[in-house]
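K.L.:
Just passing along the structure, written as structure tokens.
The values are calculated or read from the model by the stated rules, or taken from the named source; none is laboratory data. Values in this document were obtained by computation on a predicted structure and should not be read as measured data. Reconstructed Cβ throughout: ideal geometry from the backbone, glycine too, with neighbour counts over all protein chains shown.
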Amino acid sequence: MRIVLAEDSALLREGLVGLLHRFGHEVIAAVADAPALVDAVTAAAAAGHRPDLVITDVRMPPGNLDDGLRAALDLRRTFNGLPVLVLSQYVADAYAAQLLEGSAGGVGYLLKDRIGRVADFMQSIEVVARGGVIIDPDMVGHLLARVRDAGPLARLTAREREVLAVMAAGRTNAQIAAELVVSEAAIAKHIGNIFAKLDLDPASGHRRVLAVLAQLQG
């Protein structure tokens, strides 16, 4: 797939370019700041080579705040449905909420530590590029840890919370079963219980993750 990458750390940027090339992807631009990200995507689209995916850091020049995230949000508004995977050094609820708000898919929020788990990272890229939603399991765990005794999430068992965290990472039922070392039938039952307790539609596809996260953020 064609990828535009934005990362201000030269070492990490070059490392990601090499990794993506190794797995057969084409990095059509690798830039170090938010304005260059917007320019690269705009130029590629104008030339008839709209990227299949944008990968960007949250904190980037020129402001070194959330410039990368804001550039990604602007690009998704300009190029409807442009898949964006945002990388962050830290768990930041507000950043994830901005990225996911009103989204119909094709978005991901991962901690940079996840890059070191190459197989997981490459799977995340594929899921987001196909229009799926990926949320770092550590982010879901952080949000779940804030849950008090009231509200729908308080109804979930400890195992159901584990399943929810892995599900938000874009795993299939079979992959969740393998990771948690239980049967696929047990995972299907847990997911059914999660949907029922959170009043979610099990047939909603990727929207199920967004709906769950709306519950978490509420």
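K.L.:
Suppose we filter 17, 27 for residues that are outside any loop (DSSP other than H, G, I, E, B), touching a Leu at 6+ places or on another chain (Cβ under 6 Å), hydrophobic (A, V, I, L, M, F, W, C) and over 18 Å from residue 89 (Cβ atoms); which single one remains?
P.N.:
It is 27.
K.L.:
Restricting the first residue to the stretch 117-134 and requiring it to be on the phi < 0 side of the Ramachandran plot, which pairs with a second residue that is hydroxyl-bearing (Ser, Thr, Tyr) and surrounded by 15 or more Cβ atoms within 10 Å (Cβ to Cβ) meet a Cβ separation below 7 Å and a spacing of at least six or different chains?
P.N.:
134/124
K.L.:
May I ask you to list the residues in the stretch 167-199 that are modelled with pLDDT under 85 and crowded, with 20+ Cβ neighbours inside 10 Å?
P.N.:
Passing the criteria: 167, 168, 169, 170, 171, 198.
K.L.:
Considering the stretch 59-102 alone, what residues qualify as being of a type in the set (Phe, Trp, Tyr) and either modelled with pLDDT of 90 or more or closer than 16 Å to residue 31 by Cβ (or both)?
P.N.:
Correct list: 79 only.
K.L.:
Every residue in the stretch 47-69 that is assigned to a helix (DSSP H, G or I) and within 20 Å of residue 11 (Cβ to Cβ), please.
P.N.:
67, 68
K.L.:
Does residue 159 count as modelled with pLDDT of 90 or more and either within 25 Å of residue 15 (Cβ to Cβ) or outside the structural domain of residue 51 (by TED's automatic domain parsing) (or both)?
P.N.:
The answer is yes for residue 159.
K.L.:
Quick check on this structure: which one of 44, 72 is surrounded by 15 or more Cβ atoms within 10 Å (Cβ to Cβ), out of contact with any helix residue (DSSP H, G or I) (no Cβ under 9 Å at 6 or more places or on another chain) and either outside any loop (DSSP other than H, G, I, E, B) or hydrophobic (A, V, I, L, M, F, W, C) (or both)?
P.N.:
Answer to the selection: 44.
K.L.:
Right, another one. Considering only residues of the stretch 22-41 that are of a type outside the set (A, V, I, L, M, F, W, C) and under 17 Å from residue 64 (Cβ atoms), which is surrounded by the fewest Cβ atoms within 10 Å (Cβ to Cβ)? Walk me through it before giving the result.
P.N.:
Initial filter on the stretch 22-41 (of a type outside the set (A, V, I, L, M, F, W, C)): 22, 24-26, 33, 35, 39.
From what is left, the residues that are under 17 Å from residue 64 (Cβ atoms) are 33, 35.
Numbers: 33: 20, 35: 14.
So, considering only residues that are of a type outside the set (A, V, I, L, M, F, W, C) and under 17 Å from residue 64 (Cβ atoms), the one surrounded by the fewest Cβ atoms within 10 Å (Cβ to Cβ) is 35.
K.L.:
Which is within 16 Å of residue 122 (Cβ to Cβ), outside any loop (DSSP other than H, G, I, E, B) and not hydroxyl-bearing (Ser, Thr, Tyr), of 85, 37?
P.N.:
85
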